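Quick notes on the structure that follows.
The values are calculated or read from the model by the stated rules, or taken from the named source; none is laboratory data. The structure presented is a predicted model; accordingly, all values stated were derived computationally and were not measured. Positions of Cβ are generated from backbone atoms using ideal geometry, with glycine treated the same way; all protein chains shown enter the neighbour counts.
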Protein chains: 2
Amino acid sequence: VDQPAAPDVPQPGALREHDAAPGDRFRCVAIVGVGLIGGSLGMAIRRRSLADKVIGIDRGEDVLALANDLGAIDLGSDDLATVKGADCVIFATPVGCLPALLDSAARHIAPDALVTDVGSVKSRIAAAGDRLFGDRFVGGHPMAGSEASGVGSALPELFVGAPWALITHRTDGADTNPSFARIARLVRELGARPVFLTAERHDRLVALTSHLPHALSFAFAAAVAGNADCEAAVNVAGASYRDLTRVSRSSPELWADILLENRSHLLSAVAHYEASLADIRSALESGDRAALEARLRV
Amino acid sequence: VDQPAAPDVPQPGALREHDAAPGDRFRCVAIVGVGLIGGSLGMAIRRRSLADKVIGIDRGEDVLALANDLGAIDLGSDDLATVKGADCVIFATPVGCLPALLDSAARHIAPDALVTDVGSVKSRIAAAGDRLFGDRFVGGHPMAGSEASGVGSALPELFVGAPWALITHRTDGADTNPSFARIARLVRELGARPVFLTAERHDRLVALTSHLPHALSFAFAAAVAGNADCEAAVNVAGASYRDLTRVSRSSPELWADILLENRSHLLSAVAHYEASLADIRSALESGDRAALEARLRV
């Protein structure tokens, strides 16, 4: 993985590749939903001085207090209308409620503000964003996170080296929308690597490389937990068990949401995977060593 | 994971828990098969001064030269008869050939030598070991390793904190065989945590927590590689993809061998896993959010 060095404390006057260009800093970034990703964004933006002010908007009073304590936001509000003061609004709530939330927030958002989101499935969100905000909306998806959730697990360097999908209508990636270029710059400033994709292609690709591995890990963890001798099995388990179960400790609420939102692409990925596993199984059943070895040779 | 501190350089006269008791050191340990595990064992035994001498036995002349250069062995031989000088013989070859190799080596092994192995599947090996060596044989399986193979990837601290299955006939673990206690001590001296299991139970448990995750990872990597847009998918992949594919880079030869050796237990584990994944798939198909969330809650 590409690990661009992100300057911790930008030096005024000493411009480097990832520093904001003069006048490029946001006045006020509003982050709607201050969880693991929203909180990490706040920390990263504040630490890199990419905005004069970061406002966190969340219904949880304790969440906002913790976000404040952890330095993720400058101030918090439980009122969605607070987005009105921002020149950049980032939606970081669970993916299922995002299209409706864009709708509710639209009338409060300043007419020249940039709007983006970090949802894991893009088609419905991109359609809502385009309809409501036109060129000012750029959907995004940082491929960063962890099995933890909540602002208490947020990290300012969470995005460093991670791919960050940005949704474009141009399949060649040559998007001339100035908002697109501005969000891509923000993503780079956070240390991430922008990857330009249409919403449909994004959803198809992450079904395979993110949602499918989560489904497999959940299924594997359930198969182990359902074994009568489960405790002894885990006691003698090594690194492959740890690797295959890590993401199964992710939030079931959050992931039921994500998997359902990307249902059709995910079901197609699951079908391909089941066929691939069935190939290995039938080579095992027939005891065909050559066939088995060929199937393990990726 | 339990990480017992392993003393790097044992101080003579300063006995700690993991130090060898006086007179407890082996005169000569012969390691048959100097790959990742055999090489790591040699390094660990030499670094901890657990033997006066470590002999590596391997058919590969270049393997023995590299093992010597890396400090994994004191001397190397391609002649299996070299085991005759050892008071402890450790078999660390691929699992498929191990029972036959025990047979070939038996007539060369000193009548008072301890014999153990590190094979990933124990039933056939334990039966052969018992038949050939009686109480002097104790089957073992360190749950350590990596997707790498070969002595070039060996590490002296590979076993620190790892479970190490030791095969007993006593289901209560109260094995009174003195060889068993001696091998358990060696395992602890290497920084590992002995776990006492019958061969049948070991094979059933590792089918679930080691062989199944390997099969899943191989199947997942094959499903991704078979996708027409594979390159773009990997370009936008995050940590869950990395976790789920790591062990798929393991040696196909080695793993075809292991999976086949544990075929019946593995097929049963695969069946349970397939049912668990089918549960998730059908909740997705029916769009039943409550059922899906329940299935993700392990």
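I'm trying to understand the selection: among the residues of segment A:56-84, which are acidic (Asp, Glu), in contact with a helix residue (DSSP H, G or I) (Cβ under 8 Å, 6 or more places away or on another chain) and exposed (fewer than 15 other Cβ atoms within 10 Å of the Cβ)?
A:ASP78, the sole residue that qualifies.
For segment B:245-264, what are the residues that are over 19 Å from A:ALA221 (Cβ atoms) and either more than 7 Å from chain A (Cβ to nearest Cβ) or of a type in the set (Lys, Arg) (or both)?
First pass over segment B:245-264, keeping only residues over 19 Å from A:ALA221 (Cβ atoms): B:249-264.
Those that are over 19 Å from A:ALA221 (Cβ atoms) and either more than 7 Å from chain A (Cβ to nearest Cβ) or of a type in the set (Lys, Arg) (or both): B:ARG249, B:SER250, B:SER251, B:LEU254, B:ASP257, B:ILE258, B:GLU261, B:ASN262, B:ARG263, B:SER264.
Sort out which residues of segment B:180-213 are without any contact (Cβ under 8 Å) to a residue 60 or more places away in the chain, more than 9 Å from chain A (Cβ to nearest Cβ) and either farther than 13 Å from A:ASN235 by Cα or surrounded by 23 or more Cβ atoms within 10 Å (Cβ to Cβ) (or both), and write them in order of number.
Result: B:PHE180, B:ALA181, B:ALA184, B:VAL187, B:ALA192, B:THR198.
Looking at this structure, is B:ASP229 more than 8 Å from chain A (Cβ to nearest Cβ), of a type in the set (Asp, Glu) and more than 30 Å from B:VAL118 (Cβ to Cβ)?
no
Which of the residues that make up segment A:238-267 are in contact (Cβ under 8 Å) with a residue 60 or more places away in the chain and assigned to a helix (DSSP H, G or I)? Walk me through how you get there before you give the answer.
Here is the first cut: in segment A:238-267, the residues in contact (Cβ under 8 Å) with a residue 60 or more places away in the chain are A:246-251, A:253-254, A:257-258, A:260-262, A:265.
A:ARG246, A:VAL247, A:SER248, A:ARG249, A:GLU253, A:LEU254, A:ASP257, A:ILE258, A:LEU260, A:GLU261, A:HIS265, listed by residue number.
For B:ALA221, state whether it is under 26 Å from B:GLY145 (Cα atoms), surrounded by fewer than 22 Cβ atoms within 10 Å (Cβ to Cβ) and at pLDDT below 95. Lay out the reasoning, then the answer.
Numbers: under 26 Å from B:GLY145 (Cα atoms): yes; surrounded by fewer than 22 Cβ atoms within 10 Å (Cβ to Cβ): yes; at pLDDT below 95: no.
No.
Looking only at segment A:151-168, decide whether some residue is of a type outside the set (Asp, Glu) and modelled with pLDDT under 95.
Here is the first cut: in segment A:151-168, the residues of a type outside the set (Asp, Glu) are A:151-156, A:158-168.
Narrowing further to those that are modelled with pLDDT under 95: A:168.
The answer is yes, given that some residue of segment A:151-168 is of a type outside the set (Asp, Glu) and modelled with pLDDT under 95.
Do you know which residues across segment B:23-33 are under 18 Å from B:GLY119 (Cα atoms) and part of a loop (DSSP other than H, G, I, E, B)? Walk me through how you get there before you give the answer.
As a first pass, look at segment B:23-33 and keep what is under 18 Å from B:GLY119 (Cα atoms): B:29-33.
The one that is under 18 Å from B:GLY119 (Cα atoms) and part of a loop (DSSP other than H, G, I, E, B): B:GLY33.
Looking at the structure I just gave you, is B:GLY145 crowded, with 22+ Cβ neighbours inside 10 Å, at pLDDT below 95, in contact with a Leu (Cβ under 9 Å, 6 or more places away or on another chain) and part of a loop (DSSP other than H, G, I, E, B)? Outline the logic, then answer.
On the way: crowded, with 22+ Cβ neighbours inside 10 Å: yes; at pLDDT below 95: yes; in contact with a Leu (Cβ under 9 Å, 6 or more places away or on another chain): yes; part of a loop (DSSP other than H, G, I, E, B): yes.
When the stated conditions are applied, B:GLY145 passes them.
Does segment A:19-55 hold any residues that are crowded, with 17+ Cβ neighbours inside 10 Å and at pLDDT below 95, and which are they?
Across segment A:19-55, the qualifying residues are A:ASP19, A:ALA20, A:ARG25.
Could you please tell me which pairs satisfy a Cβ distance under 9 Å, a separation of 6+ or placement on different chains, a first residue in segment A:88-104 that is under 9 Å from A:GLY119 (Cβ atoms) and in contact (Cβ under 8 Å) with a residue 60 or more places away in the chain, and a second residue that is surrounded by fewer than 20 Cβ atoms within 10 Å (Cβ to Cβ) and of a type in the set (Asp, Glu)?
Final answer for the pair search is A:PRO94/A:GLU253.
A:GLY152: assigned to a helix (DSSP H, G or I) and of a type in the set (Gly, Ala, Ser), yes or no?
Details: assigned to a helix (DSSP H, G or I): yes; of a type in the set (Gly, Ala, Ser): yes.
Yes.
Which of the following residues is more than 7 Å from every other protein chain (Cβ to nearest Cβ) and among the basic types (Lys, Arg): B:ARG242, B:ARG297, B:ARG289? Spell out how you get there, then give the answer.
Numbers: B:ARG297 fails: more than 7 Å from every other protein chain (Cβ to nearest Cβ); B:ARG289 fails: more than 7 Å from every other protein chain (Cβ to nearest Cβ).
One residue alone meets the criteria, B:ARG242.
Given the residues A:ASP229, A:ASP288, which is the only one that is out of contact with any His (no Cβ under 8 Å at 6 or more places or on another chain) and either under 26 Å from B:LEU197 (Cα atoms) or of a type in the set (Val, Ile, Thr) (or both)?
It is A:ASP229.
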